[in-house]
Amino acid sequence: MTRNQVYDAAEVYLQTKINPFTERLKISKTPRKKNISIAMDKGEEITDTIDNDIKLKWRFTEPEKKQKDEYHSANDSKRWFELVFDKKHKDTVMDSYLPYVFARAKAIQEEEKVVRLYTRGLGDDENDNRGSSGWGSIKMEHPSNFGTMAMDPELKRMVIDDLDRFVRRREFYKRVGKAWKRGYLLYGPPGTGKSSLIAAMANYLKFDVYDLELSGVHSNCDLRRVLLSATNRSIMVIEDIDCCAKVQNRGREPDPRSHNNRLTLSGLLNFIDGLWSSCGDERIIVFTTNHKDRLDPALLRPGRMDVHIHMSYCTAKGFDILDSNYLGIHESNPHHLCKEVKGLIESTEVTPAEVAEELMKSDDANGTLSKGLSISSRKRRSRMIK
Ligand SMILES: Nc1ncnc2c1ncn2[C@@H]1O[C@H](COP(=O)(O)OP(=O)(O)OP(=O)(O)O)[C@@H](O)[C@H]1O
């Protein structure tokens with residue numbers, strides 16, 4: 001049974017209007033929500049106003065439950081909200097108040113949403129309607145966010161702006177006749193934050209993450225089924241794409257006979273920009289690689305992955321962020337060793353993961369930074385000898 005979206009929006013919106021005079025409330029919590037939800041109970045009324053002028057009254061109504069229906073969800077469909085107002089305000093209510101209720105409800109739901117991490121092989125998620133595609137999910141607890149990411153500030157700004165533009169461009173994508181999708185290729189050495197950036201993107205947008213292991217996908221049909229069963233407003237991640245031999249054609253002509261019996265690069269590309277790409281909305285696909293040079297040129301052609309992001313070794317600016325996250329040292333009041341450490345970091349290939357590991361070891365800034373200095377200079381010397 002499809003749910004009545006007006007009912008759902010009203011239920012969420014009215015949580016914010018509950019006042020001390022509401023006598024009976026219902027509380028609930030589902031695994032997909034961060035907090036307890038509070039809702040009106042049967043017979044309760046809540047008043048609201050438009051522009052502090054037009055008065056409206058919401059009343060929650062539910063028929064008497066028959067004894068045997070006490071715990072039966074079929075009765076759910078018979079609950080409703082009654083919205084009472086002077087009929088001369090009908091246009092205002094329909095054209096501006098109800099759209100406002102919808103927008104507020106959507107914002108509250110976004111705020112409340114718990115980001116989930118899907119992977120195959122966890123077993124089908126009983127709360128989800130993913131058919132037999134094998135996706136199971138757990139709550140994504142990765143704490144990475146754009147504040148904690150040690151990245152060049154301009155690059156970080158560019159990524160945030162790109163994501164913001166993407167989510168607000170529903171009409172734009174429709175107008176230009178493009179699927180509402182965005183592809184990111186994250187490349188750079190291990191430990192530069194590719195996975196952390198994906199988590200930061202997901203936490204920022206509140207999009208679920210689908211972590212797809214291509215080694216477990218056996219054919220293009222299988223891929224289609226798996227990708228189609230992911231939900232909208234999600235990030236599909238394929239890590240280390242260069243390591244998947246199945247999707248490296250490197251100029252070889254695909255054999256049309258076995259086209260659907262095995263996974264091919266063209267099958268994957270079909271999902272990025274072919275006919276299948278138009279299934280679903282607001283979807284992001286992310287490929288990561290430690291070796292961009294090893295990727296099949298077909299994946300790198302213009303228009304295929306919209307944004308290529310180079311995750312680089314740690315820079316002085318990146319160190320400032322890590323230093324502040326791990327040791328609480330702020331740029332405005334730097335430790336006397338910071339300048340020297342930053343100088344070494346700029347002249348050494350050291351990953352943010354390596355720097356983070358050193359900074360984790362103690363909360364004594366002096367000892368940690370001195371030790372970091374000696375490690376960086378040792379690393380630099382060993383590079384110079386090579
Ligand atoms: N740019 C970064 N900013 C903040 N922390 C980082 C960054 N890069 C790495 N780290 C830290 O190092 C750990 C490992 O990084 P992460 O797994 O994101 O790197 P990766 O590039 O995805 O590595 P791999 O290619 O091996 O998967 C992270 O959990 C985080 O603590």
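Condition check ((1) modelled with pLDDT of 90 or more; (2) out of contact with any helix residue (DSSP H, G or I) (no Cβ under 6 Å at 6 or more places or on another chain)) across all residues:
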{"position": "130", "(1), (2)": "no, yes"}
{"position": "134", "(1), (2)": "no, yes"}
{"position": "154", "(1), (2)": "yes, yes"}
{"position": "157", "(1), (2)": "yes, yes"}
{"position": "161", "(1), (2)": "yes, yes"}
{"position": "170", "(1), (2)": "no, yes"}
{"position": "179", "(1), (2)": "no, no"}
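Would you be able to tell me the number of residues in the range 40-50 that are modelled with pLDDT of 90 or more and acidic (Asp, Glu)?
Qualifying residue count for the region: 1.
Please specify each residue of the range 218-239 satisfying the condition of being open to solvent by 60 Å² or more (accessible area, probe 1.4 Å) and closer than 19 Å to residue 186 by Cβ.
239
Restricting attention to the range 199-208, which residues are within 16 Å of the ligand (Cβ to nearest atom) and open to solvent by 10 Å² or more (accessible area, probe 1.4 Å)?
203, 204
Condition test on residue 360, is it within 11 Å of the ligand (Cβ to nearest atom), open to solvent by 20 Å² or more (accessible area, probe 1.4 Å) and either farther than 30 Å from residue 238 by Cβ or at pLDDT 80 or above (or both)?
yes
Please specify each residue of the range 6-28 satisfying the condition of being in contact with a strand residue (DSSP E or B) (Cβ under 6 Å, 6 or more places away or on another chain) and open to solvent by 50 Å² or more (accessible area, probe 1.4 Å).
If the condition is that a residue be in contact with a strand residue (DSSP E or B) (Cβ under 6 Å, 6 or more places away or on another chain) and open to solvent by 50 Å² or more (accessible area, probe 1.4 Å), then 11, 15, 17, 25, 26, 27, 28 are the ones that fit.
List, please: which pairs have Cβ atoms under 6 Å, are six or more places apart or on different chains, and start with a residue in the range 100-111 that is farther than 16 Å from residue 233 by Cβ and end with one that is surrounded by 15 or more Cβ atoms within 10 Å (Cβ to Cβ)?
101/9; 101/13; 102/9; 104/13
So which residues in the range 320-340 are outside any loop (DSSP other than H, G, I, E, B) and open to solvent by less than 40 Å² (accessible area, probe 1.4 Å), if there are any at all?
320, 321, 322, 323, 324, 327, 338
Return the total of residues in the range 145-198 being open to solvent by less than 10 Å² (accessible area, probe 1.4 Å), more than 27 Å from residue 278 (Cβ to Cβ) and among the hydroxyl-bearing types (Ser, Thr, Tyr).
Selection size over the range 145-198: 1.
Return yes or no: is residue 82 open to solvent by 40 Å² or more (accessible area, probe 1.4 Å), more than 23 Å from residue 229 (Cβ to Cβ), away from the ligand (no atom under 16 Å from the Cβ) and modelled with pLDDT under 90?
no
What are the residues in the range 280-306 that are assigned to a strand (DSSP E or B) and open to solvent by less than 30 Å² (accessible area, probe 1.4 Å), if any?
Within the range 280-306, 284, 285, 286, 287, 288, 289 qualify.
The values are calculated or read from the model by the stated rules, or taken from the named source; none is laboratory data. Everything numeric here is computed off the predicted structure, so don't read it as measured data. Virtual Cβ from ideal backbone geometry, glycine too; neighbours counted across all protein chains shown. All accessible areas refer to the heavy atoms of the entire protein, side chains included, with ligands and DNA or RNA removed. Shrake-Rupley method; radii C 1.70, N 1.55, O 1.52, S 1.80 Å.
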